[in-house]
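Since the structure comes first, as structure tokens, the remarks are kept for the end.
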Amino acid sequence: MDEVKNKILTGAIQLYMRYGIKSLTMDDIARELGISKKTLYLYVTDKDDLVSQAMLSYLNDEEFLCSQLFTDSSNPIGEMLEMIKWQFKNHGQLNQSALFDLKKYHPNSFNHFIAFKERIIKPRLINNLQRGIALDVYHKDTNIEFIVPIYLHLIDFSFGVNATGINNVGKLMYALIKYHLYSITSSKGRKILIKELEKFNTELQQII
């Protein structure tokens with residue numbers, strides 16, 4: 001990708017995550033990125049196009065990172081906690097209006113996010129649950145068909161604007177993932193979960 005275009009797309013995503021989408025104009029984006037608006041319009045046609053291109057670029061990076069996170073076939077519990085640790089590093093202070101703005105004002109770009117969950121997150125979650133059940137760390141009667149949409153809904157809930165009054169998305173997701181894991185772990189898995197949480201909490205203090 002062209003170096004200037006990459007700067008524009010990655011910079012726009014960072015600004016949208018920090019301030020939301022609606023409040024930022026094309027003038028704001030150009031000024032914050034240190035480029036002229038004329039240069040900005042060499043790469044995008046309008047704000048909706050910028051949001052769409054930035055979202056697709058962001059989700060492409062997310063796909064690569066997800067492939068790196070979901071790799072530990074022997075420890076599905078640790079795998080889920082690694083995902084939350086990554087969320088803390090990257091989305092801990094996400095402006096909660098960002099996803100709301102995306103859904104309301106840029107529905108086509110919001111559909112990219114929905115498609116990403118279905119294409120990337122959902123199959124990896126199914127695989128994680130299947131392995132956890134096979135390893136007897138998740139309950140044998142865990143209903144994957146029901147659990148998966150519940151978990152995907154928790155992701156939406158954690159990013160929901162003014163949904164909880166909690167401003168730190170990372171902390172909210174951590175609480176939700178603990179809720180999720182405690183609800184599906186077997187007695188064997190619960191012992192592993194407690195140990196993993198002790199290690200995770202220590203690592204987390206270095207991130208917050």
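Coordinate-derived values only; no laboratory data. Bear in mind that the values here come from a model prediction, so they are computed numbers and not experimental data. For neighbour counting, all protein chains shown are included, and Cβ atoms are generated from backbone atoms with ideal geometry for every residue, glycine included.
Table for the structure above
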item: Helix-only CD estimate at 222 nm, as mean residue ellipticity for the chain, using -39500 (n - 2.57) per DSSP H run (n ≥ 4); result: -23500 deg cm²/dmol
item: Computed label-point distance, nm, for sites N127 and N75 using a 7 Å Cα→Cβ extension; result: 1.8 nm
item: Spacing of the two label points (7 Å from each Cα toward its C-beta) at K117 and E198, in nm; result: 3.5 nm
item: Cα centroid separation - the range 184-205 against the range 7-67, whole Å; result: 37 Å
item: Lysines with Cα under 23 Å of K104, excluding same-chain neighbours fewer than 8 positions away; result: K22, K47, K117
item: Hull volume in cubic angstrom per residue (convex hull over the Cα atoms of the range 1-117); result: 107 Å³
item: Potential extension, D48-L65 segment - 0.36 nm per residue separation minus Cα distance; result: 3.6 nm
item: Relative contact order (%) - the chain, alpha-carbon pairs under 8 angstrom, separation at least six; result: 25 percent
item: Debye log10 I(q)/I(0) for the chain, one point scatterer per Cα, at q = 0.13 Å⁻¹; result: -0.77
item: At R0 = 25 Å, FRET efficiency that the Cβ-Cβ distance of L176 and D28 yields, to 0.05; result: 0.20
